[in-house]
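This report concerns only the one structure given below.
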Amino acid sequence: MNEHEQVTTAPGQSSDIQQKVQEMRELYADAPEVGKTALENALREMAPGEPASRMESAGRVGSRQGTVSELTMIIPFAEGGAKRLRGLLQLREGNFQETDKVGTVHDMRFVFLDNDTKLLFATAYDGEWDAYIEDFVTKIPNELDVLFCNCEG
């Protein structure tokens with residue numbers, strides 16, 4: 001889209017949505033042609049007045065769409081932490097059945113980043129943050145300590 005073209009949006013869309021559409025087009029101005037075409041197709045398929053996101057807060061931290069919330073952290077490893085955690089994950093073959101005691105956990109992911117200097121920890125869970133953390137702290141505190149003692153802070 002060049003500077004002379006108008007932002008085309010569905011009738012009745014707010015100026016806020018029109019502004020967001022314009023910003024997206026500007027962000028994609030230097031994207032490969034396939035990306036620009038895909039963006040225009042996706043914008044045409046959006047229902048008029050459809051909210052850009054159904055995402056809401058999961059409590060103090062995290063986001064939720066529907067009844068599932070997410071938590072993602074990138075944490076620096078403590079000295080020797082990556083080696084210890086990798087050994088623990090290999091020993092357990094990735095099986096942390098203790099999380100079944102929590103009941104709200106859908107999944108957990110551990111990703112070693114930046115030449116084993118950082119850990120990306122991501123989890124999806126049901127409900128609110130406070131209930132999720134309370135379950136972890138009261139039901140599997142030792143497991144949390146074994147995992148996260150390998151990280152700074």
| Long-range amide H contacts for residue 151: which residues qualify at under 5 Å (H placed 1.01 Å from N, peptide plane, sequence gap of 5 or more or a different chain)? | 78
| query | Which net charge results when you count Lys and Arg as +1 and Asp and Glu as -1 among the other residues whose beta-carbon is under 13 Å from that of residue 107? | reply | -2
| said: For the pair residue 19/residue 109, report the inter-label distance in nm, with labels modelled 7 Å from Cα in the Cβ direction. | reply: 3.3 nm
| field | Rounded to whole Hz, the Karplus (6.51, -1.76, 1.60) HN-Hα couplings of the range 131-141, x for glycine and proline | value | 5, 4, 5, 4, 4, 4, 5, 8, 9, 9, x
| message | Below 24 Å, Cα to Cα, which lysines can residue 118 reach? Residues fewer than 8 away in the same chain don't count. | response | 83
| Karplus couplings for the range 81-87 from phi (6.51 cos²θ - 1.76 cosθ + 1.60, θ = phi - 60°), rounded to Hz, Gly and Pro as x? | x, 5, 5, 5, 5, 4, x
| Mean separation of Cα contacts under 8 Å, 6 or more apart, over the residue count of the range 73-153: relative contact order % | 44 percent
| remark: Once the mean of 1/r over all distinct C-alpha pairs in the range 56-148 is inverted, the Kirkwood radius in Å reads 14.0 Å
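Just so you know, all these numbers are worked out from the coordinates, no wet-lab data involved. The model shown is predicted, which means the values in this text are computed figures rather than measured ones. All Cβ positions, glycine included, derive from the backbone under ideal geometry; neighbour counts span all protein chains shown.
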